[in-house]
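Following: one structure in structure tokens, then a few remarks.
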Amino acid sequence: MTFTQIIFLVTAAVILGSALMVVSTRNLVHAALWLIVTLFGVAVLYAILNASFLAVVQVVVYIGAIAILFIFAIMLTRREMRDRGPQLNRGWWLNIIIAGLTFGGLFWMLQGWSGFSKAAADFPSGYDAVGQLGKALVSPTGFVLPFEVASVLLLAALVGAVYVAFARK
Amino acid sequence: MLLEYIAIGVMIALATVIAVIAIGLGELFGPKKRSSVKSEPYESGIAPIGPGTRRMPVRFYLIAVLFILFDIEVIFFLPWAVVFRQLGLFGLAEMAIFIVILLIGYIYAWKKGALEWE
Amino acid sequence: MDLALWIEFIIKGFILIFAVLTGFAYLTLYERRALARIQTRIGPNRAGPQGFFQPVADAVKLIFKEELTPAKADKVLFVLAPIMTVVPAMILAAVIPLGTQFTLPFLNRPVTLYVSDINVGVLYLTAIASIAVYGIVLAGWSSNNKYAMLGGLRSSAQMISYELSLGLCFVIAILLGNSMSLLDIVEAQKSVWFVVIQPVGALIFMVTTLAEVNRAPFDMPEAEQELAAGYHSEYSGMKFALFFMAEYEKMIVISMIAATLFFGGFREFWFLQGTVFSVDHFWWLGPIYLLLKVVVLLFLMIWVRATWPRIRYDRLMAFGWKVLLPLSLALVFITALGILLANQFGAIYIWTIPVLSILAGLIAVLLVNMSLRRKVAHA
């Protein structure tokens, strides 16, 4: 087993474990914190794949902004931070069977896939990965139209958030 | 590239160990004489009234939402800034459009009073 | 992945963390002495010559203090919060270059003077800075104290608001340096420091970082008159020390960042170029130059604290959202325009950037002044 594989397996275990904690812990703030661990694990996965920019953006946007919004939202809506309802619904055993079957099916299908034993190739020295990304995103031959449309999306979200917050006034 | 991140990982581990040791030292050497008065919330000597944690004002939430939107905007700026010299006038124009669209939302939020703090 | 590399990482990380820790210890002394001078006092001078051992005495005192945990506090988060605050402060410095590199004698091994040179160094700084919000909001929440909670909320809202302008200042530095790697940004400042090209950007950077580390005049979360001690009201002993440590370490690291992005980083002063005092000549001059710049920038922070009163919270948020955010957006645009002009018509046009930015800054000051006057007239 290579060193990269060990890091991957540890990270994957942490992601799954913390994701399980997110849905099973009864304290909502704790659940939000476990979610941060999960998101950080995903950032580590990006780093393993040599996707520096995505790895750090994952931390900035998901951990630095969206998870903060979650914590604020929890504090906004509840005084009591404990969830007292039942943790399982009636069909839980059916869901376990479906999830298990799906996992088994995927496992069976991907058994012979060669991608598992491959590591991300290192960039040749002097390769400007961030520059390439920038070019793809904003150059006329790249994805410049989606880039501009993204700002319209942000505008819609902004107007929506302000409108919802001030609807009563 | 992965090596650079391993270096950061090593540093995170070292920093955590040092922080835990610091707290451990305090736990080890500090006196422990607990009493019910000591463990009450500190409100400058006045007996606390009501619960310690309460629901927070909606304003903080709105600030967080606005923050996410502008934060994503700033992140879009970063790859643009790296390749700006190669793009030239086109780069400037497209970023101007991007900013103007967002400024509409910014002005709307301002006019609606989302940036006020009473 | 050989053993030598692991050892190098661990040693470098250790040295950097301890350098910042020692810096923290002596920054507290530096601040107290400097504040005392400004207020015509003497300051701590009893422990050792000139108070040299005062930080050691403080540390020993804090270790032997009783630590209280409020009865209704969330015990796990209460311990986790100081750790989550101090760890980002310690690892923030990982990507800052202290110099280029040198060859280790006897082993013939080149050693770089930075822990990590990731190609998105600037973004890394924003990422780690944004993680620091958690420690504060969790400290406030887990204490089960209304003042602590209010302080934590105020502080986190303030930090995220000023983070936007901070990010735009990073964009300005990237535009001028044409790279996201801090090493490249430093090299790009060989002839002209970015503070000369974009003085208003550097000023905004320094203002936003003051807010980011919750320093005066933006030390709202710790407004003693209204909030007891803010988010760390309930903390005592070493746990309090960790919050204190995080604040001062962030001051140091943020001065390092400011020096790297706008004041030439580890490079020598422009008039020393090509002489014996150049970093190219002796590698160990790099950390020394950086330290000099950091000490000066830290003095500015202390000076600000001694001079300005705390500003009101509503004005603080309004300043961040209504003044700094549009102004720094305008500065990004002006910088891009200036670079474009310089590329098209000759290098001399780079000077449109400082002219236009100072103009934009003056307009902003004028508008703020007018709006404040209008408010006074209404009241």
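The values are calculated or read from the model by the stated rules, or taken from the named source; none is laboratory data. Nothing here was measured: the structure is a model prediction, and the numbers come from that model. Please note: Cβ atoms are built from the backbone with ideal geometry, for glycine as well, and neighbour counts cover all protein chains shown.
Does any residue of the range A:142-149 turn out to be part of a loop (DSSP other than H, G, I, E, B) and either modelled with pLDDT of 85 or more or more than 21 Å from the chain's Cα centre (by Cα) (or both)?
Yes, the range A:142-149 contains a residue that is part of a loop (DSSP other than H, G, I, E, B) and either modelled with pLDDT of 85 or more or more than 21 Å from the chain's Cα centre (by Cα) (or both).
Residue-wise test of (1) more than 7 Å from chain C (Cβ to nearest Cβ); (2) part of a helix (DSSP H, G or I); (3) at pLDDT 70 or above; (4) surrounded by 19 or more Cβ atoms within 10 Å (Cβ to Cβ).
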residue: B:ALA7; (1), (2), (3), (4): no, yes, yes, yes
residue: B:ALA13; (1), (2), (3), (4): yes, yes, yes, no
residue: B:THR16; (1), (2), (3), (4): no, yes, yes, no
residue: B:ALA22; (1), (2), (3), (4): no, yes, yes, yes
residue: B:LEU25; (1), (2), (3), (4): no, yes, yes, no
residue: B:VAL37; (1), (2), (3), (4): yes, no, no, no
residue: B:ILE46; (1), (2), (3), (4): yes, no, no, no
residue: B:GLY50; (1), (2), (3), (4): yes, no, no, no
residue: B:MET56; (1), (2), (3), (4): no, no, yes, yes
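Tell me the residue from C:LEU92, C:LEU80 that is at pLDDT 85 or above, in a helix (DSSP H, G or I) and closer than 23 Å to C:MET180 by Cβ, please. Walk me through how you get there before you give the answer.
Details: C:LEU80 fails: closer than 23 Å to C:MET180 by Cβ.
Among C:LEU92, C:LEU80, only C:LEU92 is at pLDDT 85 or above, in a helix (DSSP H, G or I) and closer than 23 Å to C:MET180 by Cβ.
Name the single residue that is farthest from C:VAL115 (Cα to Cα) among those in the range C:178-188 being touching a Phe, Trp or Tyr at 6+ places or on another chain (Cβ under 9 Å) and more than 9 Å from chain B (Cβ to nearest Cβ).
Within the range C:178-188, the match that is farthest from C:VAL115 (Cα to Cα) is C:ALA188.
Go through (1) touching an Asp or Glu at 6+ places or on another chain (Cβ under 9 Å); (2) over 24 Å from C:MET149 (Cα atoms); (3) in contact (Cβ under 8 Å) with a residue 60 or more places away in the chain; (4) not in a helix (DSSP H, G or I) for C:ILE302 and report which single condition fails.
(4)
Of all residues in the range C:303-353 being of a type in the set (S, T, N, Q) and surrounded by 21 or more Cβ atoms within 10 Å (Cβ to Cβ), which is nearest to C:THR28 (Cα to Cα)?
C:SER328
Could you say whether any residue in the range C:109-123 is at pLDDT below 85 and more than 19 Å from B:GLY9 (Cα to Cα)?
Yes, the range C:109-123 contains at least one residue that is at pLDDT below 85 and more than 19 Å from B:GLY9 (Cα to Cα).
If we scan the range C:58-65, do we find a residue that is within 14 Å of another protein chain (Cβ to nearest Cβ), touching a Leu at 6+ places or on another chain (Cβ under 7 Å) and among the charged types (D, E, K, R)? Before the answer, list the steps.
Narrowing the range C:58-65 to residues within 14 Å of another protein chain (Cβ to nearest Cβ): C:58-65.
After this cut, where a residue has to be touching a Leu at 6+ places or on another chain (Cβ under 7 Å) as well, the list is C:63.
When the remaining residues are screened for being among the charged types (D, E, K, R), the result is none.
No, the conditions are met nowhere in the range C:58-65.
Consider C:SER156 against the criteria (1) more than 9 Å from chain B (Cβ to nearest Cβ); (2) assigned to a helix (DSSP H, G or I): it satisfies all of them except one. Which criterion is unmet?
If we test C:SER156 against (1) more than 9 Å from chain B (Cβ to nearest Cβ); (2) assigned to a helix (DSSP H, G or I), just (1) comes out false.
Rundown of residues vs (1) away from every other protein chain (no Cβ under 13 Å); (2) closer than 27 Å to B:ILE8 by Cβ; (3) under 24 Å from the mean Cα position of the chain (by Cα), yes/no style:
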site: C:ASP2; (1), (2), (3): no, yes, no
site: C:LEU16; (1), (2), (3): no, yes, yes
site: C:ARG41; (1), (2), (3): yes, no, no
site: C:PRO88; (1), (2), (3): no, yes, yes
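Can you name every residue in the range C:66-76 that is over 19 Å from C:PHE244 (Cβ atoms), surrounded by fewer than 20 Cβ atoms within 10 Å (Cβ to Cβ) and not basic (Lys, Arg)?
C:ALA71, C:VAL76 - these are the residues of the range C:66-76 that are over 19 Å from C:PHE244 (Cβ atoms), surrounded by fewer than 20 Cβ atoms within 10 Å (Cβ to Cβ) and not basic (Lys, Arg).
Identify the single condition in (1) more than 8 Å from chain C (Cβ to nearest Cβ); (2) buried (at least 21 other Cβ atoms within 10 Å of the Cβ); (3) at pLDDT 85 or above that B:GLU94 does not satisfy, given that it satisfies every other one.
Of (1) more than 8 Å from chain C (Cβ to nearest Cβ); (2) buried (at least 21 other Cβ atoms within 10 Å of the Cβ); (3) at pLDDT 85 or above, only one is false for B:GLU94: (2).
Condition first: in contact with a Phe, Trp or Tyr (Cβ under 6 Å, 6 or more places away or on another chain) and of a type in the set (Phe, Trp, Tyr). Now tell me which residues in the range C:262-281 satisfy that.
C:PHE262, C:PHE263, C:PHE266
Quick one: C:ILE42 ticks every box in (1) of a type in the set (A, V, I, L, M, F, W, C); (2) surrounded by fewer than 21 Cβ atoms within 10 Å (Cβ to Cβ); (3) assigned to a helix (DSSP H, G or I) except a single one, so which number is it?
C:ILE42 satisfies all of (1) of a type in the set (A, V, I, L, M, F, W, C); (2) surrounded by fewer than 21 Cβ atoms within 10 Å (Cβ to Cβ); (3) assigned to a helix (DSSP H, G or I) except (3).
Going by the conditions given, is C:LEU292 among the aliphatic types (A, V, I, L, M) and at the interface with chain B (Cβ under 9 Å from one of its Cβ atoms)?
So C:LEU292 does not fit the description; no.
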